[in-house]
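The values are calculated or read from the model by the stated rules, or taken from the named source; none is laboratory data. None of the values given here were measured: they were computed from a predicted structure. Please note: Cβ atoms are built from the backbone with ideal geometry, for glycine as well, and neighbour counts cover all protein chains shown.
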Amino acid sequence: MEVAGVWMLVAVAVLMIATGLPAWMLLIGVALAASAGGIAAGAFTLPLLTAMPSRLLGLLENDLLQALPLYVFLGALLNRLPLMEILFRVGSKALARTGCGMPLAGLGLGVLLAPMNGSVGASVAMLTRTVQPRLDALGIPHERAAALVCVSSTMGVVIPPSLVLILLGDAMLRAHTEAVNAMAGSVGRATRIINTQDVFHGALVPAAILLLLCIGVTWWMNRPARTDNARNPRANLTQEPSLQDWITAIIVTLVIICLLGGVTLGYLYPVEAAASGGVALFLYGALTGTLTRGALRETLRDTMAVTGALFALLVAATVFTLLLRAFETDRWLAALLATLGGGVYGALGAVLLILALCAFVLDAFEMIFVVIPLVIPPLLMRVPDATWVAVLILLILQASFLIPPFGYAILMVRNRTERHLVSDKLVRALLPYLIAQLCVLALILAFPRLVWHDPSMEATTSAPAPLSDDAIREMIDSQPRPEDPGTRAP
């Protein structure tokens, strides 16, 4: 019955593609059907499901979840206020000497605002409305402009302190805790558990390298020799920024950098930064008259809808993962990883491949809530460097969102754009960015030291030789089963 959990995942993926229903609805539906089958087959008993209320209450007591609606509110405000247009106009003018001011300004807008938008979908909505029409008017081929929007919208996946990074940091903390508890007594050393701040710091250098490569690719693909401005009468669609625009853009940029930098460096909590940003944007809209009562009503409605969907997804994923553990699919995966050859890199490659395949169907939040708790704990039994693993997960997620034809960012751009996108041209436009991302991934795989580590963590994780596969299998077998009396809740 251990593989029943795998079939549950396959069923969810197939139903998502076939029906288009929300992921939370399918997760709960499949979990309920599987629970009935599991009880009928004797895989577990009904009292096991009574662990669900305490499991949900413990989950919702997490302080980090307070940042979720605030980040969503920030993204909704940014989509209603004219700040993006102002930042884009000023950025295009400031970068005009490079010969491709608008494309670089579009990339910069994604870098600056994507970490605050909360999701790839929200970033795509903002950039397709603000950036893509102006790139089309500039004479840049439509597929190349769409590729830039795709890449810019995924920058929030790797640039801290985005909501994706916050939730991944919390998921990695839980997975690392589970792995360390499973290895207790087998490894004679103390191990500090990874936290969200470690993920923020670890992602800084890889994100900076990726950003520099994307800037170079954007300039090379959109340099003046490749853009036909002379024959396009709408090339000057963007207005010249006024002095007020310059002042507004400078202040907004400094405030965003201070807030994001404060969270990344540990001076601010994510909740504090998100609340401060929300209050600042609200005051800006109220004082300038750009946030009308109707716009505020729509902003709050969007915030409630998206927040409700995310919490519904979180609850559904919790129910789903409980059933996976009841079927002992987590043990089966851990044993499978222990039998793989290739040492650390063999298990790591298998898990990253699973994540890349799942990212074709699932959004980042669905991956964090459903897949990460299942595959990462057994991986961390073999790979003790949890920060390195977290950064590799981020890079895999971002690259998977950009792989045609089912990459999540690509599908979102296709849904948002009014013009038809030619698939082969879009692939050619995305290819240089994908090569840049794969180069960064290979660099981080080859040189783990590029991922920043807290000195105290290095001191506690300087371990003896890795455990053998037999030792790992023994630890897996010795773990208490979910239905055993007196064990922890799965």
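Looking only at segment 321-336, which residues are at negative phi, in contact (Cβ under 8 Å) with a residue 40 or more places away in the chain and either surrounded by fewer than 23 Cβ atoms within 10 Å (Cβ to Cβ) or not in a helix (DSSP H, G or I) (or both)?
Residues of segment 321-336 that are at negative phi, as a first pass: 321-327, 329-336.
Then keep just the ones that are in contact (Cβ under 8 Å) with a residue 40 or more places away in the chain; that gives 321-327, 329-335.
Of everything in segment 321-336, those that are at negative phi, in contact (Cβ under 8 Å) with a residue 40 or more places away in the chain and either surrounded by fewer than 23 Cβ atoms within 10 Å (Cβ to Cβ) or not in a helix (DSSP H, G or I) (or both) turn out to be Leu322, Arg325, Phe327, Thr329, Arg331, Trp332, Ala335.
Among the residues of segment 9-23, those that are touching a residue at least 60 places away in the same chain (Cβ under 8 Å) and either loosely packed, with under 15 Cβ neighbours inside 10 Å or not in a helix (DSSP H, G or I) (or both) comprise Ile17, Pro22. When Ala399, Ala359, Ala409, Ala350 are checked against the criterion of being under 14 Å from the mean Cα position of the chain (by Cα) and either surrounded by fewer than 18 Cβ atoms within 10 Å (Cβ to Cβ) or at pLDDT below 80 (or both), a single residue qualifies: Ala359.
Filter segment 157-194 down to residues that are farther than 25 Å from Gln398 by Cβ and among the small types (Gly, Ala, Ser) and give me whichever is modelled with the highest pLDDT. Of everything passing the filter in segment 157-194, Ala182 is modelled with the highest pLDDT.
Contact annotation: residue pairs with Cβ atoms under 8 Å, 6 or more positions apart or on different chains, pairing a residue in segment 46-73 that is within 24 Å of Ala34 (Cα to Cα) with a partner that is buried (at least 18 other Cβ atoms within 10 Å of the Cβ) and of a type in the set (Gly, Ala, Ser), are Leu48/Ala326; Leu49/Ser35.
Kindly indicate the residue of segment 113-123 that is part of a helix (DSSP H, G or I) and under 14 Å from the mean Cα position of the chain (by Cα) and also surrounded by the most Cβ atoms within 10 Å (Cβ to Cβ) among those meeting that condition.
Keep residues of segment 113-123 that are part of a helix (DSSP H, G or I), which gives 113-117, 120-123.
In the following step, the residues that additionally are under 14 Å from the mean Cα position of the chain (by Cα) were identified as 114-117, 120-123.
On the way: Ala114: 27, Pro115: 29, Met116: 26, Asn117: 27, Val120: 26, Gly121: 20, Ala122: 26, Ser123: 31.
Once the filter is applied, the top-ranked residue is Ser123.
Apart from one condition, Ile140 fits all of (1) more than 24 Å from Ala208 (Cα to Cα); (2) of a type in the set (Val, Ile, Thr); (3) in a helix (DSSP H, G or I); the exception is (3).
I'd like to know if segment 24-43 contains one or more residues that are in a helix (DSSP H, G or I), under 29 Å from Glu272 (Cα atoms) and not polar (S, T, N, Q). Full working, then the answer.
Initial filter on segment 24-43 (in a helix (DSSP H, G or I)): 24-41.
Checking which are under 29 Å from Glu272 (Cα atoms) leaves us with 24.
If we keep only those that are not polar (S, T, N, Q) too, we end up with 24.
Checked against the condition, which is being in a helix (DSSP H, G or I), under 29 Å from Glu272 (Cα atoms) and not polar (S, T, N, Q), segment 24-43 yields at least one hit.
When Thr290, Thr318 are checked against the criterion of being assigned to a helix (DSSP H, G or I) and either more than 30 Å from Leu441 (Cα to Cα) or touching a residue at least 40 places away in the same chain (Cβ under 8 Å) (or both), Thr318 stands alone in meeting it. Summed over segment 272-305, the residues that are over 26 Å from Thr253 (Cα atoms) and of a type in the set (A, V, I, L, M, F, W, C) give a count of 2. Test Leu81 against the stated conditions and say whether it is within 18 Å of Thr253 (Cα to Cα) and surrounded by fewer than 23 Cβ atoms within 10 Å (Cβ to Cβ). So Leu81 fits the description; yes. Taken together, Ala41, Ala96, Ala76, Ala36 contain a single residue that is surrounded by fewer than 18 Cβ atoms within 10 Å (Cβ to Cβ), under 30 Å from Leu138 (Cα atoms) and aliphatic (A, V, I, L, M), which is Ala96.
For residues that are of a type outside the set (Val, Ile, Thr) and under 21 Å from the mean Cα position of the chain (by Cα), tally how many sit in segment 284-329.
Taking segment 284-329 and keeping what is of a type outside the set (Val, Ile, Thr), we get 284-287, 289, 291, 293-298, 300-302, 304-305, 308-314, 316-317, 320, 322-328.
In the following step, the residues that additionally are under 21 Å from the mean Cα position of the chain (by Cα) were identified as 302, 304-305, 308-314, 316-317, 320.
Of the residues in segment 284-329, 13 are of a type outside the set (Val, Ile, Thr) and under 21 Å from the mean Cα position of the chain (by Cα).
Going through segment 122-161 one residue at a time, which ones are within 22 Å of Leu259 (Cβ to Cβ) and in contact with a Phe, Trp or Tyr (Cβ under 8 Å, 6 or more places away or on another chain)? Selection gives Thr130, Thr154, Val157, Pro160, Pro161. Apart from one condition, Ser152 fits all of (1) modelled with pLDDT of 85 or more; (2) buried (at least 24 other Cβ atoms within 10 Å of the Cβ); (3) of a type outside the set (A, V, I, L, M, F, W, C); (4) over 17 Å from Arg416 (Cα atoms); the exception is (4).
Let's see how each residue does on (1) in contact (Cβ under 8 Å) with a residue 12 or more places away in the chain; (2) not in a helix (DSSP H, G or I); (3) not charged (D, E, K, R):
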site: Leu374; (1), (2), (3): yes, no, yes
site: Pro384; (1), (2), (3): yes, yes, yes
site: Leu394; (1), (2), (3): yes, no, yes
site: Leu397; (1), (2), (3): yes, no, yes
site: Phe406; (1), (2), (3): yes, yes, yes
site: Asn415; (1), (2), (3): no, no, yes
site: Arg419; (1), (2), (3): yes, yes, no
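Give, as residue ranges, the helices (runs of 4 or more DSSP H) completely inside segment 49-112 that count at least 2 residues that are within 16 Å of Leu167 (Cβ to Cβ) and either at pLDDT 80 or above or within 23 Å of the chain's Cα centre (by Cα) (or both).
Because the criterion is at least 2 residues that are within 16 Å of Leu167 (Cβ to Cβ) and either at pLDDT 80 or above or within 23 Å of the chain's Cα centre (by Cα) (or both), the helices (runs of 4 or more DSSP H) in segment 49-112 that meet it are 52-60, 67-80.
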